[in-house]
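So the structure is just underneath, and the comments pick up after that.
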Amino acid sequence: MEIFTIVVLVLSGLLLCYGGGARLVKPAGSFCLQTYLAKPGIRLEDDPDMASEMRSDGAVLLVAGLVAFLGAVVSDARTASVAVVAVIFGGFAVGRLLSLALDGKPNKDLVQGTFAEIGLAVLNLVSLAAIVF
């Protein structure tokens, strides 16, 4: 089960670092803003409020990804790493499912992201259960 947990942490870390790093480097390029940017007349690239929100979220995701990698490498940090990553992906999954129920279906890229987030939340919860019990 240890190898399974390490693989899950590495996959989680890759996704979190990719998403977080992308938001830090190019906040207006985030998938969640594509629908807005496709509309004529909307210019979010120069909006400091949007950049601040996206970069702060990106930093949280990047740090969570680094925590996942730490847990994959350092066995003493594994339980905490799996718990942190499970909370991050679980929170995304709950939020996306709630939004789907309340707001309707988002674009295709966000739906695919939802499946990835749900899958990684479940895998991390399975890993956490195996460690704790």
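The values are calculated or read from the model by the stated rules, or taken from the named source; none is laboratory data. The shown structure was predicted, so the numbers you read here are calculated from the model rather than taken from an experiment. Counting neighbours? That spans all protein chains shown, and the Cβs are built from the backbone with ideal geometry, glycine included.
Within segment 84-114, the set of residues being surrounded by fewer than 12 Cβ atoms within 10 Å (Cβ to Cβ) and part of a helix (DSSP H, G or I) comprises Leu98, Ala101, Leu102, Asp103, Lys108, Gln112. Within the option set Gly71, Gly91, Gly113, being modelled with pLDDT of 95 or more, more than 17 Å from Phe4 (Cα to Cα) and not hydrophobic (A, V, I, L, M, F, W, C) holds for one residue only, Gly91. Restricting attention to segment 21-60 and to residues that are modelled with pLDDT under 70 and either more than 18 Å from Asn107 (Cβ to Cβ) or of a type in the set (Asp, Glu) (or both), the residue that is surrounded by the most Cβ atoms within 10 Å (Cβ to Cβ) turns out to be Glu45. The combined condition, being touching a helix residue (DSSP H, G or I) at 6+ places or on another chain (Cβ under 7 Å), of a type in the set (A, V, I, L, M, F, W, C) and either at pLDDT 95 or above or farther than 25 Å from Phe4 by Cβ (or both), is not fulfilled by Leu100.
In segment 38-59, the residues that are under 18 Å from Leu16 (Cα atoms) form Cβ pairs under 6 Å with partners that are at pLDDT below 85, at six or more places apart or across chains, as follows: Met54/Pro27; Met54/Ser30; Arg55/Pro27.
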